[in-house]
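Data first, discussion second: the structure below is written as structure tokens.
The values are calculated or read from the model by the stated rules, or taken from the named source; none is laboratory data. What you see is a predicted model; the values in this text were computed from it and never measured. Here the Cβ positions follow ideal geometry from the backbone for every residue, glycine too, while neighbour counts run over all protein chains shown. Heads up: the accessible areas ignore ligands, DNA and RNA and are worked out on the full protein's heavy atoms, side chains in. Shrake-Rupley method; radii C 1.70, N 1.55, O 1.52, S 1.80 Å.
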Amino acid sequence: MARLIVYQLESEVQRLREQQAAQAAYNASQAAYIASHAAYNAAQTAYVAEIHAIQQAQQQQMFQYMQNFTAAQLQGLPPLPMPPPMPLPQPPQPPQQPPEEDINLDDIEFM
């Protein structure tokens, strides 16, 4: 009888260890997924700031062009060529979805 109880307890301990390992793997996967989204959000913020700076520079460039164009017209000079457009940066790529793992969430007891 005692051996049966020991066997049952050892089985339960093993099941709990496997459950704990599955929960840890799931938590690690979720943490990596959240971190990748945080990095993507930071990259998006930097991208928007860079686009804003380019827009500001283009506005200043166009303002200067219009001043020079008007001055050239007043002096009877031919029209000035338009300034070349500024290249735009590439937007950041969204994070990948977390890999599907063979974790049975029904076996995990969330606390």
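Points worth noting:
- Of the residues T70, T45, ranked by 1.4 Å probe accessible area with the largest first, the sequence reads T45, T70.
- Dipole magnitude for the chain: about 640 debye, using +1 per Lys or Arg Cβ and -1 per Asp or Glu Cβ, origin at the Cα centre.
- Length-normalised contact order for the chain - Cα pairs under 8 Å, 6+ apart - percent: 42
- Within the accessible area of the chain (1.4 Å probe), percent carbon and sulfur: 61
- Å² per residue, accessible surface of the chain at 1.4 Å: 83
- Residue-level accessible surface for E50, protein heavy atoms, 1.4 Å, Å²: 90
- Area accessible to solvent at M82, 1.4 Å probe radius, in Å²: 110
- Of F69, F63, the order by accessible heavy-atom surface (1.4 Å probe, DNA, RNA and ligands excluded), from most exposed downward, is F63, F69.
- Multiplying the residue separation of A43 and A24 by 0.36 nm and subtracting their alpha-carbon distance yields 4.0 nm.
- The chain: angle of helix 2-74 to the longest principal axis, Cα-based, in degrees nearest 10: 0
- Spatial extent of the chain: Rg and Dmax, with the Cα atoms as the point set, Å: 31.2, 111
- Note that the range 52-96, at 20 °C in a medium of 1.002 mPa s, gets a Stokes-Einstein diffusion coefficient of 168 µm²/s from its Kirkwood radius over C-alpha pairs.
- Evaluated at q = 0.26 Å⁻¹, the base-10 log of the normalised Debye intensity for the range 1-47, with identical point scatterers placed on the Cα atoms, takes the values -0.85.
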